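Notes follow once the structure below has been shown.
The values are calculated or read from the model by the stated rules, or taken from the named source; none is laboratory data. Computed from a predicted structure; not experimentally measured. Reconstructed Cβ throughout: ideal geometry from the backbone, glycine too, with neighbour counts over all protein chains shown.
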Amino acid sequence: MEVQLTNRQQHILWATVRHYIATAEPVGSKALVEEYDLGVSSATIRNVMGVLEKSGLLYQPHASAGRVPSDSGYRIYVDQLITPSLRSRSVPQGSSAETLGREVEVALQKHLQWEDRSLETLLQGAAQILATLSGCISLITMPQTTTALLRHLQLVQIEAGRIMLIVVTDGYETHSKLMDLSPTPEETQRDSEVIDRELQIVSNFLNTHLRGRSLLELANLNWSELDQEFQRYGEFLKNSVAELTRRTLAPTATQIMVRGVSEVLRQPEFSQLQQVQTIIHLLEEEQDQLWRLIFEEPEPEDGGKPKVTVRIGAENPLEPIRTCTLISSNYRRGSIPVGSVGVLGPTRLDYESAIAVVASAADYLSEAFSYFNP
């Protein structure tokens, strides 16, 4: 949502969200004057809060009550009013979020010695620590175990400018993709047999270098290292293999470690028994739906590091958690995402700290996972 706010409006929205997170009570102008150094009168704050309400960022639960942040208000808060670097997995030095992130890292290192534990025990322990320190429901997926390997690859010319990529895995499954290779002006008159020989050379080259590698690994290869003689094939091969990988290796839902349910459901937002029952049913009986949501691969930040994904309220497609916030990030083996770490809580949560907690836990598990065999 594109909303342009003045500095004053941003400051008052920030203070309103912070105060509501801390108190769970609708926020009035008097409370903001008393608690925050906004440099303006109570009347000015009321006027600004009225503008924010008309913009859909705040609302009044009752006619005589103060204001409460809407999902859109929280979204502006997360995207524009907290430190931007939080979502790219780093936090400002000295901040409370950095402190909590370090607490998570220290607790995980202190209580979990991955060299002496099974992978499942490690993840169970990490989930419990994450729930305790975040005050949210923690969700950690078991890692992906797909290990399909490339057995053979072949490039075949179908017609002028049309090439088929055929991939055979170690399980003798065959996958193919038809591609367009736009020829250069010099190549338009080239003999078809010459192109066939060239494609065979490229196929031999790729089989020599790639046979035995997992398809997930192929999707993350540094294709710039291909021999310069075959550079013009590099981009379409990169895109094609990546697409084949996504299509043939769709992630398989795995068990989710869930901790911290009882503490979170004591929050005032979960006072309705029916709502509690639907959330518990989702966590216990419909984990496959939740898994597909939290393992969704986010767009990478500059430098290739994945950002933390924050879904607020109605942004969650699953009905039972449309009044909640879900914060998640992937843990990896090398550059390959194999599982996810997440926290689930009310929309009224400390976003800075929750983001830092999830990022720290994901980084720790990525490091720990390198000690376990695929």
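List of remarks:
- Residues being part of a helix (DSSP H, G or I), of a type in the set (A, V, I, L, M), closer than 25 Å to residue 336 by Cβ and at pLDDT below 80 are represented in segment 197-216 by at least one member.
- Exactly one residue among 38, 32, 57 is crowded, with 23+ Cβ neighbours inside 10 Å and without any contact (Cβ under 8 Å) to a residue 40 or more places away in the chain, and that residue is 32.
- Each residue in segment 131-180 was checked for being at pLDDT 90 or above and polar (S, T, N, Q), and 3 pass.
- Considering only residues in segment 282-306 that are of a type outside the set (Asp, Glu) and over 23 Å from residue 323 (Cα atoms), the one that is modelled with the highest pLDDT turns out to be 306.
- Any pair with Cβ under 9 angstrom, 6 or more apart, that starts in segment 274-292 at a residue that is in the same structural domain as residue 136 (by TED's automatic domain parsing) and ends at one that is loosely packed, with under 13 Cβ neighbours inside 10 Å and assigned to a helix (DSSP H, G or I): 278/319; 282/319
- Unmet requirement for residue 144, which otherwise passes all of (1) in contact with a strand residue (DSSP E or B) (Cβ under 6 Å, 6 or more places away or on another chain); (2) over 18 Å from residue 332 (Cα atoms); (3) not aromatic (Phe, Trp, Tyr): (2)
- The set of residues in segment 15-29 that are surrounded by 17 or more Cβ atoms within 10 Å (Cβ to Cβ) and not polar (S, T, N, Q) comprises 15, 17, 18, 19, 20, 21, 26, 27, 28.
- Any pair with Cβ under 8 angstrom, 6 or more apart, that starts in segment 344-365 at a residue that is basic (Lys, Arg) and ends at one that is crowded, with 23+ Cβ neighbours inside 10 Å: 348/69
- Strands (runs of 3 or more DSSP E) contained entirely in segment 120-183, each with at least 2 residues that are of a type in the set (A, V, I, L, M, F, W, C) and touching a residue at least 24 places away in the same chain (Cβ under 8 Å): 137-141, 150-159, 162-169
- Of all the residues in segment 307-341, those that are polar (S, T, N, Q), modelled with pLDDT of 85 or more and not in a strand (DSSP E or B) number 2.
- When segment 254-297 is filtered for residues that are part of a helix (DSSP H, G or I) and polar (S, T, N, Q), the ones remaining, listed by number, are 262, 274, 275, 277, 278, 287, 289.
Yes or no, residue by residue, for (1) at pLDDT 95 or above; (2) not assigned by TED's automatic domain parsing to the domain that holds residue 347:
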site: 34; (1), (2): no, yes
site: 51; (1), (2): yes, yes
site: 58; (1), (2): yes, yes
site: 113; (1), (2): no, no
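- Within segment 181-195, the set of residues being surrounded by 13 or more Cβ atoms within 10 Å (Cβ to Cβ) and either farther than 17 Å from residue 166 by Cβ or at pLDDT 80 or above (or both) comprises 183, 187, 190, 195.
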